[in-house]
Structures are given as C-alpha cells and as structure tokens.
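To start, the structure under review is shown below, and the notes come after it.
The values are calculated or read from the model by the stated rules, or taken from the named source; none is laboratory data. Please read these numbers as outputs of a predicted model, since none were measured by experiment. No Cβ is skipped: glycine too gets one built from the backbone with ideal geometry, and neighbour counts run over all protein chains shown. Ligands, DNA and RNA are stripped out before the accessible areas are found, and what is left, the full protein with its side chains, is counted by its heavy atoms. Shrake-Rupley method; radii C 1.70, N 1.55, O 1.52, S 1.80 Å.
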Amino acid sequence: MTPTTVSSWNDFDPLKHVIVGRADHTCIPPAEPCSEAKIPEDSDMRGMWGPRPLETVEKANEQLDALAKLLEDRGIRVDRPTPLQWNQAVHTPDFSTGSMFGCMPPRDVLLTVGKEILLAPMSFRSRYWEYLAYEPLLAKYFEEDPQFRWEQAPRPRLSDESYRAGYFDDITIEERLQRTAALNFVTNEKEILFDAADICRLGKDLFCQHGLTTNRKAMRWLQRHFPDHRVHAVNFPGDPYPIHIDATFVPLRPGLIINNPDRPLPDSQREIFQRNDWEIVDAARSVHNSPPPLCYSSVWLSMNCLVLDHKTVVVEASETRQMEQMDKLGMNVLPIAFRDAYPFGGGIHCATGDVYREGSCEDYFAVQPPGTQVLPD
Ligand code: DAV
C-alpha cells in the first residue's frame, strides 16, 4: 500500500484517496432550530424522528459499498468512518437534543485544504459529535503523514442565542426566498458557524455559501485561519433552503462550473469568474420531480457528482439529463445507483471526503475584482 499523504486543493484534480460514508444507525433527529429551517413545510419528515428503518439502512449501505468498490477498482484508496450508535441524546451545558444524525456525508464535516483536514463546527445540534466517526481515520493519518495538519474549528455553543427565534413561524416559500436574497438566515452572527460542504475549494480561492448553515463570522474566521487563501462570500438567492454549496455550484475542471439554474449566482458575484475566463453553465434539470422519501435534500442532488479527474465524473445512474450534459461538456461519465443513499445525508459528493488528490495550490483567479472577497480583519 502507498504511504498516506493528505493533500487536496480542489474538487477536480486526480483523486487518489477518499473517505466514503456509512449509513449504520442513522437517525432522523428531532426538530431543532436549524433543521426546522431546512425541512420544507410539506415534507414527509415533519414531526418524525428516530432511527431509520433497518431495511433502508441496508439498501443505503449497499449503494455506499458499491461506490467504494467503483473507486477502488479504479485504484483509488477508500477509507470508511466508524459509525457511533447515533440514537443517543446530546447534552451540553447549552442545549439538549434527542439524538444524533449519522456519518453518511463526510463532506459536511471535513474540509480538506492542502495538507490540512479541518473539522467544521456544524450548525445542527444533532451533529455536534459527528466528527467522532472520523477520529480513528484522522488519528491514523496523523501517524502516517508527518505533515498532516489535524485541525478543529472553534466548537460552537448552539444555544438558543445562536438562532433567530420564531424565524420559521408561518413562513411561505415566497418569504423564504425574500429572506435568502436579503441574507437573513436562521443562524445569526453570534458565533462562528459553518458546515464544510458550504465551501467550494478552488486552489488559492475558497468560495463560501452564506446560508442556513454558514455565517459571515465563519468566513472571517476562515480568512484568518487560511491567511494564504482568498475567502469569498457567495450566495444564491433562488434557493429557499440554502444549505451546502454542492447541489448549487459545482466545478468540473479548471475553468468550468455548473450552476443550478434555479439558484443562479448573482451577476455582481460572477465577475471574478468572467474576468479569469471561467465558464459558468446552467446544470441540466433532474429527471425526478421529487426526492426519495424521508430525504432532506432537493432533486438537485442530480448535480452532486464526484469528479475523479478533469475528464471523469461519477453521476447518479438515473440522472440521464445530467449525464448527457456531462458527456457534451467532454467528461467521461461513470453512472452509479445512489438514490437509496440520498435520505441518509445527500448525494455522491456529500458521501465522500477528500484525503488525497494530485496537484498543487493553483492561483486560478489572478484578477480579483472588488466584490466577493472577505477582507482580513
Ligand atoms: O439542494 O437540497 C443538498 C446539499 C446536501 N449536502 C439541496 C442541497
């Protein structure tokens, strides 16, 4: 086996080592301020909580195992997290909640930037201890790669003061959209809050989605924490439930990004891409009208793909329109069935976490127009 190297600067350079999540013991956590924000009014998940049915866990694990095998068959090293019994309450001095969530989506928790893996604070109370599932792997990488930087962002308190009270009482979709456009989210600016999946890594530039799970204070913290990077705030006004950037704004290779056509990047924030000759194309629409049952995410998991190198991408097997578009964009598409795994925390990109991609920290955005950059304090 090759010696362990931790290093990844983007989502498209050749992937050599990755973490693939597991569905074991996943729970639907009880309602809490942040999840209330995410779950649509008419969702079948409203009012439900507890462990997910065993047969659905088994089906999700079959698809996760198949993804791991597809990657291994291509010579990519795959590690898996160690699930906890997620059906345990969380108590801290500041809050209590009835259960944890799971470890299907490592992407939400682990932010790999170069030789560092940064554990995100997480904005849901149920996800407070989720990083423990990855601790055995991080401990191993620490022993095997003398340059690996194992980091933890400030742990949040997640008391009621971190959320806007009554934020979602009787709110319509129209009002949600207005608040998204006004950058008015359920999470306030009291403390540093982010999920790792809100950050799109493009070499020297980190593009962070301001939304339900990531606030501006987090971006200021990230800019201080990564002083050699440029941290940018982006937001997507068409999204009533803005959480995680990876079903909205997805880079396929240097110079090319697919953007959710219902959640276009505002013109003022496009300039940095245009000025540096990056193309932003509208993603193809999903073939589905609704997500699978008991799923947090939207049909736009169709674009939540895993890029293996500049010419190869793994896409969900039923998403024929997305696959055709990828093909036209010059990508070789590897289809894999994954919809049984969606309810456990997202799509193919969510279900993975980078450990090692070839390549180095490129400066793709040498021209920096004023606008999106979060300036150092
Ligand atoms: O469109 O529901 C899903 C992102 C999951 N990490 C959406 C976003």
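So, residue 281, is that one open to solvent by less than 50 Å² (accessible area, probe 1.4 Å), in a strand (DSSP E or B), touching a residue at least 60 places away in the same chain (Cβ under 8 Å) and within 29 Å of residue 367 (Cβ to Cβ) or not? Judged against the criteria, residue 281 is not a match.
When 333, 315 are checked against the criterion of being surrounded by 16 or more Cβ atoms within 10 Å (Cβ to Cβ), within 16 Å of the ligand (Cβ to nearest atom) and β-branched (Val, Ile, Thr), a single residue qualifies: 315.
Annotation: of all residues in segment 177-231 being among the polar types (S, T, N, Q) and out of contact with any helix residue (DSSP H, G or I) (no Cβ under 7 Å at 6 or more places or on another chain), the one that is farthest from residue 241 (Cα to Cα) is 223.
Checking 301, 306, 265 one by one, the residue that is within 21 Å of the chain's Cα centre (by Cα), surrounded by 15 or more Cβ atoms within 10 Å (Cβ to Cβ), within 16 Å of the ligand (Cβ to nearest atom) and touching a residue at least 60 places away in the same chain (Cβ under 8 Å) is 306 and no other. Return yes or no: is residue 325 surrounded by 18 or more Cβ atoms within 10 Å (Cβ to Cβ) and of a type in the set (S, T, N, Q)? Here the answer is yes, as residue 325 does meet what is asked. What strands (runs of 3 or more DSSP E), lying completely within segment 70-160, carry at least 2 residues that are surrounded by 16 or more Cβ atoms within 10 Å (Cβ to Cβ) and in contact with a helix residue (DSSP H, G or I) (Cβ under 7 Å, 6 or more places away or on another chain)? In segment 70-160, the matching strands (runs of 3 or more DSSP E) lie at 77-79, 110-113, 116-119. Being in contact with a Phe, Trp or Tyr (Cβ under 7 Å, 6 or more places away or on another chain), of a type in the set (Lys, Arg), more than 16 Å from the ligand (Cβ to nearest atom) and at pLDDT 95 or above is a condition met by at least one residue of segment 102-125.
Note on segment 275-298: residues that are within 11 Å of the ligand (Cβ to nearest atom) and at pLDDT below 95 total 5.
Residues in segment 182-194 that are out of contact with any Ser or Thr (no Cβ under 6 Å at 6 or more places or on another chain) and either open to solvent by less than 10 Å² (accessible area, probe 1.4 Å) or in a helix (DSSP H, G or I) (or both): 185, 186.
In segment 185-195, is there at least one residue being out of contact with any strand residue (DSSP E or B) (no Cβ under 7 Å at 6 or more places or on another chain) and at positive phi? No: zero hits.
Every residue in segment 325-377 that is closer than 30 Å to residue 59 by Cα, hydrophobic (A, V, I, L, M, F, W, C) and in contact (Cβ under 8 Å) with a residue 40 or more places away in the chain, please. Within segment 325-377, 326, 331, 334, 336, 337, 338, 341, 344, 348, 350, 351, 355 qualify.
In segment 237-262, which residues are more than 16 Å from residue 214 (Cβ to Cβ) and either free of Cβ contacts under 8 Å to residues at least 40 places away in the same chain or more than 13 Å from the ligand (Cβ to nearest atom) (or both)? Residues satisfying the conditions are 251, 252, 253, 254, 255, 256, 257, 258, 259, 261, 262.
Residue 136 satisfies every condition listed in (1) more than 22 Å from residue 248 (Cβ to Cβ); (2) at pLDDT below 95 except (2). When every residue of segment 348-358 is checked against the conditions, none turns out to be surrounded by fewer than 24 Cβ atoms within 10 Å (Cβ to Cβ) and at positive phi.
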